[in-house]
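The values are calculated or read from the model by the stated rules, or taken from the named source; none is laboratory data. The structure presented is a predicted model; accordingly, all values stated were derived computationally and were not measured. Glycine gets a Cβ as well: all are built from the backbone with ideal geometry, and neighbour counts include every protein chain shown.
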Amino acid sequence: MTERLDGTVALVTGASSGIGEATAVALAEGGAQVAVAARRVDRLEALADRIGRERVLVLQTDVTDEAQVRDMVDRTVTRFGRLDTLVNNAGVMLLGPIVEAPLEEWRRMIELNVLGLLYCTHAALPHLLAAAEQDPRHVADIVNVSSVAGRVARLNSGVYNATKFGVGAFSESLRQEVTSRHVRVTVVEPGAVATELASHLRPEVLEGMMATFGPMEILRAEDIADSITFAVTRPRRMAVNEVLVRPTEQER
């Protein structure tokens with residue numbers, strides 16, 4: 001049975017498009033008040049209009065900046081009085097060979113996919129632990145959006161794989177640390193999804209990706225938002241620790 005999120009507060013990073021945007025909408029429909037964070041504030045403002053201004057806090061934030069992350073969390077708690085759900089969705093995928101790779105691409109992935117997620121989690125944890133002791137649900141949630149790339153290493157995906165494998169390892173260690181205090185940690189691992197993620201790829205890399213996934217009916221952002229919503233609306237006694245979601249036609 002799906003539980004409502006009335007009286008709770010969610011914070012979603014990378015909310016200006018794709019999975020983050022769809023998740024913010026889904027959580028709001030479930031009853032939560034939602035803080036939406038990303039760099040593109042115009043997209044966030046449009047999202048706030050869509051959901052309803054009275055239930056949304058727009059936070060222009062670069063999650064690779066620790067000070068901005070702490071301000072993001074502080075402003076969420078100041079506005080809504082608590083924090084029950086953190087969705088670490090912000091990320092970037094820059095594929096390509098390791099040999100002669102642009103090091104800047106590696107830095108961007110590590111800073112956003114790993115350090116950004118760590119900063120957000122560290123800043124949010126005290127509030128999540130407090131929420132887990134309070135009405136209305138006596139449970140809190142961290143959802144880390146990873147990837148199939150966090151389970152299966154592939155050619156031309158080495159550093160992206162490394163960041164997503166790292167997300168999985170961090171999430172499991174954190175789960176063991178806080179689960180007895182009723183903070184649940186869920187890793188969601190999407191396969192191919194129709195989002196802006198591939199738009200950052202170099203043309204030659206994108207061409208190869210399209211050859212692999214082009215003919216396939218891939219997932220929509222709403223499919224992953226549904227999975228996230230499922231995890232955070234379970235009863236207090238139930239934790240969904242890992243969700244792997246692939247298009248039906250995706251083999252690996």
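Evaluation of R53 against the conditions (1) modelled with pLDDT of 95 or more; (2) out of contact with any strand residue (DSSP E or B) (no Cβ under 7 Å at 6 or more places or on another chain); (3) surrounded by fewer than 24 Cβ atoms within 10 Å (Cβ to Cβ) shows that the sole unmet condition is (1).
Just for helices (runs of 4 or more DSSP H) wholly inside the range 2-95: which have at least 3 residues that are touching a residue at least 12 places away in the same chain (Cβ under 8 Å) and over 21 Å from I228 (Cβ atoms)? Lay out the reasoning, then the answer.
Numbers: elements: 18-29, 41-51, 66-80.
Qualifying helices (runs of 4 or more DSSP H): 66-80.
Please find, within the range 1-21, the residue that is nearest to Q134 (Cα to Cα) out of those that are of a type outside the set (S, T, Y) and over 11 Å from the mean Cα position of the chain (by Cα). The residue in question is G7.
For the range 96-124, taking the residues that are assigned to a helix (DSSP H, G or I) and either of a type in the set (F, W, Y) or in contact (Cβ under 8 Å) with a residue 60 or more places away in the chain (or both), the one that is surrounded by the most Cβ atoms within 10 Å (Cβ to Cβ) is identified as C120.
Within the range 159-182, no residue that is without any contact (Cβ under 8 Å) to a residue 12 or more places away in the chain sits with its Cβ atom under 6 Å from a residue that is surrounded by 14 or more Cβ atoms within 10 Å (Cβ to Cβ) and in a helix (DSSP H, G or I) at 6+ positions apart or across chains.
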